[in-house]
Structure formats: structure tokens, C-alpha cells
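As C-alpha cells, the structure follows; a few thoughts come after it.
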Amino acid sequence: MEVLFYLVPAIMIGIASFGMVAVIRRSLRVSRAWNSGLTAEARCLRTYTTTSGGRGDTSVHTTLHHVYEFITRDGRSVRFEETGGPGTILEGDIVTVHYVADDPQQATANPPAPGRLAAGTGCILAFLGVFILAAIVFALVAHSMFSTADGFFGWDGFFGGNDAPGEGDFPTEGDFPTGDDVFMEP
């Protein structure tokens with residue numbers, strides 16, 4: 001039973017760490033595309049939305065997707081999909097995309113905004129960092145409580161010694177003060 005108090009926080013820490021890596025990788029990908037200096041005119045081929053949530057009491061979250069196609073400087077045709085773009089871009093619109101020459105599929109149609117990218121990435125990383133810290137604190141508090149309980153109850157039984165109470169586990173008549181040994185105030 002105690003293992004759950006260590007296993008669940010460990011799984012939560014793993015998931016949050018995976019999220020942190022994903023956020024950092026996305027931020028680096030977009031930043032790399034912006035800093036490459038390579039741009040192209042792309043046509044929006046398709047826009048669509050996906051929804052998630054809405055089960056029970058959860059709210060519905062809608063994500064906007066755009067599919068773009070552009071031709072690189074060396075003449076290759078590249079098609080990529082991007083989530084979270086502006087809702088004002090419709091099918092057939094022409095937009096400027098930023099891409100890296102060695103990996104043009106990792107392009108972005110978002111205009112350069114390094115401050116906004118840094119702030120968004122920083123906020124998400126801070127939230128996930130606090131989440132990981134809370135999971136670590138929870139595991140440490142659980143460990144402390146189990147250690148205290150082990151010292152109180154012990155693995156050697158509730159009364160000390162063997163698992164079953166035996167001689168010497170309970171106080172005897174001689175263990176209690178009697179007569180003059182008892183001090184009472186008036």
C-alpha cells in the first residue's frame with residue numbers, strides 16, 4: 001500500500017518532465033525557424049478544428065489547425081500542419097512562413113515574437129516545475145509519515161517484540177506508582 005504513495009508521484013513527475021521536454025523542444029524548433037532567416041510564401045490548403053473534453057463536467061477545448069504548402073529555395077514542395085494559428089487565416093490565403101533549410105517540415109507561419117515565446121515557455125515550465133516540486137514534497141511527507149508510523153508501530157508488532165503480545169509487552173502491577181510514590185497537589 002505504501003508503494004502507491006511513492007509510485008503515483010513518480011509517475012506524475014515523469015509525465016510532467018515529458019511535458020517540459022516537449023515544451024522546450026517546440027520552443028527551440030520555432031525559435032530556430034525564426035532565426036534561420038529563410039522565408040517563403042505559403043498557401044493555406046486547409047483549416048479545421050479538433051475538440052477535446054466535454055465529458056461529464058469538463059469544459060470543451062477547441063484547437064484550430066492549418067495545413068500550409070510552400071516551395072523552398074531549392075525548389076522542394078513542403079506541406080506542414082500547425083496548430084494554434086490565428087483564426088483569420090482561411091483556406092487559400094497566402095502567408096509568410098519561416099523554416100530551416102535542413103528541416104523545412106518544421107516550419108512555422110507564426111510571425112516572429114521571441115518575447116512572447118519566451119514568456120509562454122517560461123510560464124509553462126514554471127507551472128510544471130511547481131507541479132514536480134509538489135509531487136516531490138508529497139512523496140517526502142508520505143515517507144516521513146510512514147517512517148514515523150514504523151517507529152511508533154514498528155515492523156516488529158504493535159506492542160514491540162513479536163507480532164503477538166507476550167510477556168513483558170503489557171505493564172504489570174509493579175509498573176504503576178502506589179502509596180507515597182503518587183504525588184498529588186491539593
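Quick look at the numbers
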quantity: Residue satisfying condition, being small (Gly, Ala, Ser), touching a residue at least 12 places away in the same chain (Cβ under 8 Å) and exposed (fewer than 12 other Cβ atoms within 10 Å of the Cβ), within set Gly115, Gly92, Gly53; calculated: Gly92
quantity: Test: residue in the range 152-166 that is of a type outside the set (Phe, Trp, Tyr) and at pLDDT 60 or above; calculated: no
quantity: Subset of the range 13-54 [touching a strand residue (DSSP E or B) at 6+ places or on another chain (Cβ under 6 Å) and hydroxyl-bearing (Ser, Thr, Tyr)]; calculated: Ser36, Thr39, Thr47, Tyr48, Thr49, Thr50, Thr51, Ser52
quantity: Residue that is nearest to Thr83 (Cα to Cα) [pool: residues in the range 8-25 that are of a type outside the set (A, V, I, L, M) and surrounded by 15 or more Cβ atoms within 10 Å (Cβ to Cβ)]; calculated: Gly19
quantity: Close pairs from the range 13-33: first farther than 28 Å from Phe138 by Cβ, partner aromatic (Phe, Trp, Tyr) and surrounded by 16 or more Cβ atoms within 10 Å (Cβ to Cβ), Cβ under 6 Å, at least 6 apart; calculated: Ala33/Tyr99
quantity: Selection count where residues are in a strand (DSSP E or B), open to solvent by less than 80 Å² (accessible area, probe 1.4 Å) and β-branched (Val, Ile, Thr), scope the range 63-89; calculated: 4
quantity: Total residues in the range 95-105, condition open to solvent by 30 Å² or more (accessible area, probe 1.4 Å), assigned to a strand (DSSP E or B) and touching a residue at least 60 places away in the same chain (Cβ under 8 Å); calculated: 0
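The values are calculated or read from the model by the stated rules, or taken from the named source; none is laboratory data. Nothing here was measured: the structure is a model prediction, and the numbers come from that model. A quick note on method: Cβ atoms are made from the backbone with ideal geometry, for glycine too, and the neighbour counts reach across all protein chains shown. Note: areas computed on protein heavy atoms with side chains; ligands, DNA, RNA excluded. Shrake-Rupley method; radii C 1.70, N 1.55, O 1.52, S 1.80 Å.
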